[in-house]
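Since the structure comes first, as structure tokens, the remarks are kept for the end.
Bear in mind these aren't lab numbers, they're just calculated from the coordinates by the rules spelled out. All figures in this text were calculated on a predicted structure; none of them were measured in a lab. When we count neighbours, we look across all protein chains shown, and the Cβ atoms used for this are built from the backbone with ideal geometry, even at glycine.
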Amino acid sequence: MKNRNLIKKDYINKIKELTEHNKHYYEKSSPKISDAEYDKLKNKITNLEKKYSFLESKNSPSLLVGSKPSKNFLKSKHRVKMLSLSNAFGYEDLKNFEKKISNFLNLKKDTDIEYSVEPKIDGISASLTYKNNNLVLGLSRGDGISGEIITENLKTIREIPKLIKDKKFPKDIDIRGEVYIGKSDFEKLKDRFANPRNAASGSLRQKDPSETKKIPLRFIAYTYGFNSEMNFKKQSEFLNLLKIWGFNTNTHNKIISNVNNLVQNHKDFEKKRYDLDFDVDGLVYKINDLDLQKRLGFVANAPRWAIAHKFSADSSFSKILNIEIQIGRTGALTPVAKIKPVNIGGVVVSNATLHNEEEIIRKDIRVGDTVKVERAGDVIPHVLSVDLKKRLKESKNFLFPKNCPSCGSKVIKDFNKISKKYDAVQRCSSEGYKCEKIAIEKIKHFVSKEAFNIEGLGKKVVEKFWDLKFINLPFDIFNLNYKKIEELEGWGKLSAQNLRKSIEKSKSVGLDKFIFSLGIRHIGQENAKLLSQYFLNVENFSNLTKNFNFDSLANIDGIGETQINSLKNFFSDQVNLNVVKKLISILNVRNILENKKGKLKNKTFMFTGKLSNISRAEAKSLTEENSGKILSNVSKKLDYLVIGEKPTAKKVKQAKELNIKIISQQEWKKLLN
Ligand code: IVH
């Protein structure tokens with residue numbers, strides 16, 4: 001037998017190695033070895049333990065949940081999307097939020113809106129499906145559209161009821177809430193995880209539920225997804241029912257009206273936040289009336305009826321070591337201060353954005369300066385101010401480059417026709433794939449969660465593949481050499497196979513996501529959706545070439561001059577045209593299914609004049625919900641011009657000339673039934 005000490009040394013070294021990999025995985029989210037290699041190392045350790053009973057370590061993978069969770073959970077589609085929330089940082093943002101709601105709902109001035117106010121726990125959201133009172137399915141949020149099936153892991157959480165006794169509990173419902181670790185419980189785990197949120201996330205995604213069970217996870221319920229019986233009218237009523245049904249709800253939930261009261265409550269709560277046993281990053285405000293919530297609906301990924309009011313940021317002092325220029329997907333040049341790493345509210349910060357040249361001049365920021373840096377939640381840290389007393393005598397103004405540091409093209413500023421001013425942002429004039437940095441950013445956007453959503457192809461991997469010349473244009477992703485990838489350091493067979501699987505899977509893509517993924521300036525998720533509803537299928541979309549009549553797109557409500565100019569630019573570039581053509585030949589771009597049930601199917605509408613009891617925005621939204629299309633110009637394509645009070649005379653005249661049906665608001669309502 002080998003010397004006992006040697007065996008022990010080997011064992012301890014392996015544990016050290018594993019702990020290091022855990023850190024890369026959890027805290028840095030950038031594993032250095034493949035799943036297979038990780039498992040091999042873990043097995044070696046557990047085999048040693050089995051063979052030699054004298055081996056033990058508190059960091060052994062057989063004891064720890066810190067061991068790597070499987071990334072291979074099966075997925076399931078959420079019956080109702082899991083949305084995110086837009087953020088507000090103060091009174092102005094909240095006033096704006098309320099104004100938009102009030103306009104959309106056409107509320108009388110000074111109508112009080114009632115909000116359900118709930119602490120925003122910084123944990124991991126989960127959706128629990130109950131059928132006939134039994135917990136049958138548990139999903140993670142995933143990308144909001146589908147989540148991972150983690151039922152067994154969720155079932156280990158004591159605060160999640162497995163069976164609901166109440167007879168009035170809906171027969172089929174998704175209960176949603178936050179899984180988290182109490183701060184006091186986290187104290188005992190803190191040498192293994194960076195923060196409570198990481199610990200909750202890692203524990204929830206363990207392959208073996210008995211690993212999850214070792215961590216004291218908790219659950220607070222706050223909303224529902226699919227629900228077969230809507231026997232409540234308010235969010236606050238629902239929160240009360242949750243309690244009756246046996247769920248934990250937040251004891252700090254409140255009902256508040258009026259923005260001034262929201263702000264006062266926020267101030268009071270912020271003072272208490274550090275005394276609570278859970279991490280909170282703000283308060284969530286939801287319109288309490290569920291009928292109003294339904295009318296308001298949502299935009300892209302967030303509801304119109306809710307907002308997260310974030311807590312103020314943490315800040316700290318550090319020194320600027322250098323100022324670098326980052327180049328974004330749309331060519332924007334962003335100056336970033338590389339600062340001496342500093343811990344701000346539990347996160348080590350080494351970069352802080354300086355926004356643009358004007359900001360640098362206004363705040364007089366220089367390399368070598370001591371600066372105050374602020375960080376709030378998931379927002380990028382930024383430089384607040386310079387401590388001039390600590391300025392070095394030899395310091396010099398920062399000179400913003402006149403040429404793109406990546407491709408050397410001239411740096412330009414766009415002229416904004418509305419504000420009649422030049423933008424503060426400077427751009428590389430070679431927008432497109434010719435500038436290397438822009439090209440990389442375009443590919444990162446292409447594979448991102450909101451676009452092709454290719455798991456395993458994160459930003460770091462894109463950069464690496466780019467450096468290795470594996471990818472140059474987006475379509476190269478679908479023609480990778482997996483043998484070569486397999487041999488890369490930190491990869492291996494399994495990881496390469498997994499990447500291949502997720503790339504193959506991504507080939508079937510909806511037209512809206514396809515358009516969004518192209519990264520055309522000013523064409524975000526909402527506009528991509530509008531364009532996809534206009535073109536309906538990829539064949540129609542491929543008509544977009546140099547010769548296309550771009551001005552016809554002005555008919556799409558929501559698409560304006562800025563978007564049209566940007567589309568014109570994009571489709572006049574030969575490289576872009578080739579990229580689109582090649583992608584279409586590789587991919588299965590799914591058609592947009594027209595809503596067959598809608599009463600207004602195939603009909604186009606335009607509104608003019610003031611409507612009564614309903615805002616223009618809500619009327620449009622109702623028309624679209626019933627499969628009608630909204631146009632923003634009077635043309636032969638228009639079926640109905642709906643007129644309210646004081647309609648625009650020119651529009652009515654044009655409609656008459658073109659023999660378009662002119663109807664009243666009442667007649668439009670009748671069409672809707
Ligand atoms: S409601 C559309 N209520 O915040 C409604 N979310 O940014 C979205 N969260 O993914 C969910 N506390 O993880 C809601 N009381 C609360 C919440 C809450 C925390 C988290 C949740 C969600 C994220 C949205």
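For the range 438-518, the list of GluC sites (Glu not before Pro) that fall in a loop by DSSP and count at most 10 other C-beta atoms within 10 angstrom reads GLU489. As a length-normalised measure over Cα pairs under 8 Å and 6 or more apart, the relative contact order of the chain settles at 10 percent. Relative to the current alpha-carbon distance between GLU487 and LYS75, full extension at 0.36 nm per residue lengthens the span by 145.4 nm.
Packing order of peptides 172-181, 520-529, highest average first: 172-181, 520-529 (average count of other Cβ atoms within 10 Å over each peptide's residues). Under the criterion of Cα pairs below 8 Å and six or more residues apart, the relative contact order for the range 178-293 equals 30 percent.
I need to check one value: relative contact order of the range 284-404, counting alpha carbon pairs closer than 8 Å and at least 6 residues apart, in percent. Reported relative contact order: 21 percent. The spacing between the range 416-469 and the range 508-546, judged by their C-alpha centroids, is 18 Å.
The length gained by stretching the chain between THR545 and ALA424 to full extension, at 0.36 nm per residue less their Cα-Cα distance, is 40.4 nm.
Think of the range 185-338 as having a plus end and a minus end, set by charges on the Cβ of Lys, Arg, Asp and Glu; of THR223, ILE323, TYR274, ILE323 sits farthest toward the positive end of this dipole. If you plug the beta carbon distance of ARG500 and ALA649 into 1/(1 + (r/R0)^6) with R0 = 60 Å, you get a FRET efficiency near 0.45.
Would the range 309-467 count as rounded, prolate or oblate if I go by the C-alpha gyration tensor, calling it rounded below 1.5 in a/c and otherwise prolate when a/b exceeds b/c, oblate otherwise? Oblate shape, in that a/c is at least 1.5 and b/c is the bigger or equal ratio. Relative to the Cα centre, the charge distribution of the range 218-300, modelled as +1 at Lys and Arg Cβ and -1 at Asp and Glu Cβ, gives a dipole magnitude of about 140 debye. Ordered from longest to shortest, the equivalent ellipsoid semi-axes for the chain are 44, 34, 28 Å, each the square root of 5 times a Cα gyration tensor eigenvalue.
Let a ≥ b ≥ c be the square roots of the eigenvalues of the Cα gyration tensor of the range 316-400; is it rounded (a/c under 1.5), or, if not, prolate (a/b larger than b/c) or oblate? Here the range 316-400 falls in the oblate category.
Here the simple spin-label model places points 7 Å from the Cα toward Cβ, and for VAL136 and LYS44 these points are separated by 4.6 nm. Quick check on the chain: of the DSSP beta bridges with both residues there, what percent are antiparallel, nearest 5%? Roughly 85 percent of the beta bridges in the chain run antiparallel, per DSSP. State the percent of C-alpha pairs, over all pairs in the range 628-673, separated by a distance greater than 14 angstrom. The share of Cα pairs beyond 14 Å in the range 628-673 comes to 47 percent. With R₀ set to 35 Å, the beta-carbon distance separating SER612 from ASN231 gives a calculated FRET efficiency near 0.65. When only alpha carbons of the range 378-530 are considered, Rg and Dmax amount to 20.0, 60 Å.
What is the calculated FRET efficiency for GLU657 to GLU561, with r their C-beta to C-beta distance and R₀ = 22 Å, to the nearest 0.05? Calculated value: 0.35.
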